[in-house]
1. How far is it, in nm, from the label point at residue 187 to the one at residue 112 when both lie 7 Å from their Cα along the line to the Cβ?
2. From Cα coordinates alone, what are the radius of gyration and Dmax values for the chain in angstrom?
3. In terms of Cα to Cα distance under 20 Å, which aspartates and glutamates are near enough to residue 96, apart from those fewer than 8 places away along the same chain?
4. Please compare each pair in 65/95; 133/299; 166/259 to a cut-off of 22 Å on the Cα-Cα distance and tell me which ones are over it.
5. Once you put a point 7 Å from the Cα of residue 397 and another 7 Å from the Cα of residue 195, both along the Cβ direction, what distance in nm separates them?
6. Taking R0 as 22 Å, what's the FRET efficiency between residue 356 and residue 326 from their Cβ-Cβ distance, rounded to 0.05?
7. Region 152-214 to region 59-114: how many Å between their Cα centroids?
8. Using the Cα centre as the reference, give the magnitude of the dipole from point charges on the C-beta atoms of region 331-376 (Lys, Arg: +1; Asp, Glu: -1; all else neutral), rounded to the nearest 20 debye.
Amino acid sequence: MEVEKGSSSSSSVSNHQSISNEFDLEAYINNYTGFTKIYRLLFIAESCKPLEVEAFKQALKEVQKTPNLELYNTIVSKSHGILEIDPSYIEALNKKNASHLDKLELDLNTAKSNMIKDAIRFAQNDLGEFYYKLGDTQNAIKCFIRTRDYCTTSKHVLTMCFNIIKLGVDTQNYTHAPSYIAKAEQCPDLDNTSIAKLRSVNGLHNLDSNRYKVAAKKFIETPFEQSNTFSDIMSPQDIAYYGGLCALASFDRNELKKKVIDDQMFKNYLELVPELRELINDFYNTKYGSCLKTLDKMKPILLLDIHLHKHVESLYQKIRSKALIQYFSPYVSVDLNIMATAFNTTVPHLEREISKLIMDGDIQARIDSHNKRLFAKKADQRTTTFEKTMQVGQDFQNSTNGLLLRLEMLNNNISTVSNRKESEKAFNEFHNLGPNSHQHLFFTNK
């Protein structure tokens, strides 16, 4: 897997310099298992210089528990001399892998010759799992897909779907995810753990596609699992962060109150991240200064998340824009100096932000740069009322013409057998005729 590097901006670099004092890498990484643990460690090592040595060493320790030599070599080569390759370890593991692969292929051939469905499915699964551990995703997905022909119960189908979905999450390639999530959701008698896995992965897929509102809904709908049975994908804290931030960026006030703050299931996730819970409450209670300050404090840690880091800037911008819009909405005019203080920024920077929102049509206002005030644009009530009156009149005329057409047809005992498109055409032609021109219409009596 190719791991992306984090933000290279000077602000993020300075933030990363101080993060080692407040970020407990060991406590964070213990929330995960399997390859996601290794990929997260590798991403942190590449993104944060103060944590580089510790993260590379932990990643090497974890990868040595697997047969994946390709990932072992990647970690060592990217460590810039912190780690060294062990030739004897590579030689021994190569022999072990080759031997185990031969055994699994022999088991599969034996199962095929005996024509026992369950045995073939088990053998294909074992072979696919081993290819997955080796890092050979192409062969792994082929083996997992082949098990489909030998699935006899819904549980077998669910296992196949989860294997393919897990491959997509680890490689951050969600091409197959939507179809296999839908297939898994159709399985009867899904338990809470399976539902939680499917919804969280669905949320990740939508997050990756920048569909923040859909992602927020999926994360919020994820059943709470205290045992963290899907730690090979993400942790409960991740669901809180992903769902909470996506909701802040995309939900309106009513949705935020109903679906996030008052939602009993998602409250369990927010309890795991108290600062995020307080941040959401501050946003809802219009304490924007406190909310944005907490966001800025959280930002360095969020930039170390392998799935969220590339969305942090976009989500932050959306949240800040929403805060500016909501702050101004009840006022006719606002002092920009007071507003800048509330948002922990300078007046020139605030003017640039508001100018962009005005240009995008998100705020109906004008800026008085000389007096440093923001004025709401007053709607022309006379023009608006006139337009509404014209629309009501047009609707009435259309309705009356429709009734006249129906009466003419009933009086002449006419029924239509034409298709819908021809009917609409005839109706439009009737509308285009003057009120005294109905006699020019020719109908055929049945």
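The values are calculated or read from the model by the stated rules, or taken from the named source; none is laboratory data. This one's a predicted model, so the numbers in the text were calculated from it and none came from an experiment. FYI the Cβ positions are ideal-geometry reconstructions off the backbone, even for glycines, and counts take in every protein chain you see. The area values use the complete protein model at the heavy-atom level, side chains included, leaving out ligands, DNA and RNA. Shrake-Rupley method; radii C 1.70, N 1.55, O 1.52, S 1.80 Å.
1. That separation, rounded to one decimal, is 2.6 nm.
2. 30.7, 100
3. Reachable aspartates and glutamates: 62, 70, 86, 105, 107, 126, 129, 136.
4. Details: 65/95 16 Å; 133/299 33 Å; 166/259 28 Å.
Cα-Cα > 22 Å for 133/299; 166/259; rest within.
5. Computed distance between label sites residue 397 and residue 195 equals 5.5 nm.
6. On the way: r = 16 Å, r/R0 = 0.74.
Approximately 0.85, to the nearest 0.05.
7. Cα centroid of region 152-214 versus Cα centroid of region 59-114: 28 Å apart.
8. Details: 5 positive and 6 negative charges, 20 e Å.
My answer is approximately 100 debye.
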